[in-house]
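Peer 1: Please find one structure pasted underneath; my questions will follow.
The values are calculated or read from the model by the stated rules, or taken from the named source; none is laboratory data. What you are looking at is a predicted structure, and each value in this text was computed from that prediction instead of being measured. Heads up, the Cβs are rebuilt from the backbone with ideal geometry, glycines too, and the neighbour counts pull from every protein chain shown.
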Amino acid sequence: MSVRRLAKEQPASWDFAPDTLDKASWWISKYPAERRQSAVIPILWLIQKQDGWVCEPAIRKLAQMLGMPVIRVLEVVTFYTMFQLEPVGSAALIQVCGTTPCALRGANELMALCRDKIGPKDQLSADGLFTWQEVECLGACVNAPMAQINDYYYEDLTPATLAKIIDDFKAGLSPKPGSYAGRHTSEPAGGALTLTDPSLYDGSRAKPLKIPNAPEPA
């Protein structure tokens, strides 16, 4: 595992936005008072959703809120790679899967496209709008190559479709997630080959349940 460190430049102070604080309080309320530290991961995620990344003052504020040593929060936030330790693009964080199934179907070309349009990986773009990263398997191998962009999966990508997605984010739009080859969920390319008759799964073939000695319906 690579070493993960906090960003060199940190804000002087940090505080919860009102909505974030309300949600954090809800998470804390789910645990007994002596187990409030169990809320550390969901609240770290809320902090990241508020700012796009997790800064050191936020880590210290959370440690104080949960009554735990700062180093314990640091251990969590540096262990889980879903937490961003440096500022990321305000429009999109693009995480391109580079594991074998995606690599075999064109992930390297997607990453080359990101380098051309955004800049070096793991760095904020010059305009502050984008960050792109290479990540390990995101579990959508059948729809390779794919990328997680912000909170959603974009699948069956080509350099052309990814370029259009990036341009749309830059223009302030919200490109549709899912397959860009027209497939539905994880069906084979070209369409479903099994369970093509809806009656096989819609319940219409189900027979009434016979219960012995049950009274007949009125």
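Peer 1: When you go through (1) closer than 22 Å to Glu187 by Cα; (2) surrounded by fewer than 16 Cβ atoms within 10 Å (Cβ to Cβ); (3) among the charged types (D, E, K, R) one by one for Asp156, which number turns out not to apply?
Peer 2: (2)
Peer 1: Residues that are acidic (Asp, Glu): which strands (runs of 3 or more DSSP E) entirely in the stretch 130-218 hold 1 or more of them?
Peer 2: 130-135, 152-155
Peer 1: Let me ask another. For the stretch 145-153, indicate whether the set of residues that are in contact with a strand residue (DSSP E or B) (Cβ under 7 Å, 6 or more places away or on another chain), loosely packed, with under 15 Cβ neighbours inside 10 Å and within 24 Å of Met111 (Cβ to Cβ) is non-empty.
Peer 2: no
Peer 1: Please determine, by comparing only the residues of the stretch 92-144 that are crowded, with 16+ Cβ neighbours inside 10 Å and among the polar types (S, T, N, Q), which one is farthest from Ala189 (Cα to Cα).
Peer 2: This residue is Ser125.
Peer 1: Out of curiosity, is Lys23 among the basic types (Lys, Arg), under 18 Å from the mean Cα position of the chain (by Cα) and not assigned by TED's automatic domain parsing to the domain that holds Gly128?
Peer 2: Against the criterion (among the basic types (Lys, Arg), under 18 Å from the mean Cα position of the chain (by Cα) and not assigned by TED's automatic domain parsing to the domain that holds Gly128), Lys23 does not qualify.
Peer 1: Hey, can you tell me all the residues within the stretch 24-48 that are surrounded by 14 or more Cβ atoms within 10 Å (Cβ to Cβ) and charged (D, E, K, R)?
Peer 2: Within the stretch 24-48, Arg36 is the sole residue that qualifies.
Peer 1: Turning to a different aspect of this structure: Based on this model, can you work out whether Lys61 counts as closer than 23 Å to Phe130 by Cα, outside the structural domain of Val135 (by TED's automatic domain parsing) and either of a type in the set (Lys, Arg) or within 24 Å of the chain's Cα centre (by Cα) (or both)?
Peer 2: No, not satisfied.
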